[in-house]
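The values are calculated or read from the model by the stated rules, or taken from the named source; none is laboratory data. Source: prediction; values computed, not measured. Note: areas computed on protein heavy atoms with side chains; ligands, DNA, RNA excluded. Shrake-Rupley method; radii C 1.70, N 1.55, O 1.52, S 1.80 Å.
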Amino acid sequence: MRVVIAGAGSVGRSIARELIRNGHQLLLIDRDADGERVAKVPDAAWLQADACELSALTEAGVADCDVVVAATGDDKANLVVSLLAKTEFGVPRTVARVNNPKNEWMFDEAWGVDVAVSTPRLMTALIEEAVSVGDLVRIFEFQQGHAAMVEMTLPEGSPYAGARVGDIAFPADTVLTGIIRGGHPIAPSRDDALEPLDELLFITTVDGEADLESMLSPGTRQKRQLDD
């Protein structure tokens, strides 16, 4: 897979190293691609240019790449790179970094973004996941499909503790994709039973999150605003 990454700061370089280790072909675009930066990821191709310029993306061969990652520290730049990659070059997949959570609403298909990654939201989700039982935590949102990956640690008092997966009628457009039990992942089958304190991973619609939480963990507590 050929990947072009716009922005060679610490985030862009880290992504590049991981993808190179996985056998992918990388090109990094950065205005400050000096010798010191290039030396930190020597196995990648480099282009010293402004990734928001159409000419730079053309020189980088974006039309022939599989994925463009907009990983700069500037949300405006990441939106411009994503839009140009999608509309001018027809890149199959774009991934954009969200630096300010207040800007998340712009990172959608209208701006050419297939997947938006918000570091603050991910960190918040991981913190909540580590300390909460019975609360639904959004891990990741898929922009194009208006769906999300969510997680819940099943509380001991859940009416579905002990229930067989095949007998549970989950809300519409909701799929149980994984169970983590005792630190081990399980691909759920219809015959698997849910156990208290199982970590359950779902793909669901954003609108269906509250229904899923109420179903698996009913109670009188005040529900969190999942979109905040």
Gaussian network model of the chain, Cα within-10 Å springs - most flexible of Asn22, Asn103, Asn78:
Asn22
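Taking every pair of distinct Cα atoms and averaging 1/r, then inverting, what Kirkwood hydrodynamic radius in Å comes out for segment 47-88?
10.3
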When the helices in the chain are scored as -39500 (n - 2.57) per DSSP H run of 4 or longer and the sum is shared across all residues, what 222 nm value do you end up with, to the nearest 500 deg cm²/dmol?
-7500 deg cm²/dmol
Let me check the size of segment 132-225 from its C-alpha atoms; what are the radius of gyration and Dmax in Å?
12.5, 35
With every protein chain in place, the accessible area of Glu109 for a 1.4 Å probe, in Å² rounded to the nearest 10, comes to 90
Would you list which aspartates and glutamates come within 14 Å of Lys76, measuring only between C-alpha atoms, while excluding same-chain residues fewer than 8 positions from it?
Asp50, Glu53, Glu104, Asp108
Among Ala16, Ala70, Ala187, which one moves the most in a GNM of the chain with springs linking Cα atoms closer than 10 Å?
Ala187
Rounded to 5, percent antiparallel among DSSP beta bridges of the chain:
50
Please work out how much accessible surface Thr177 shows to a 1.4 Å probe, ignoring ligands, DNA and RNA, in Å² rounded to 10.
70
For a quick check: with amide H placed at 1.01 Å from N, whose amide H comes under 5 Å from Ile139's, ignoring anything fewer than 5 positions away on the same chain?
Met149, Val150, Glu151
Given just the C-alpha atoms of segment 2-118, how large is their convex hull per residue in cubic angstrom?
85
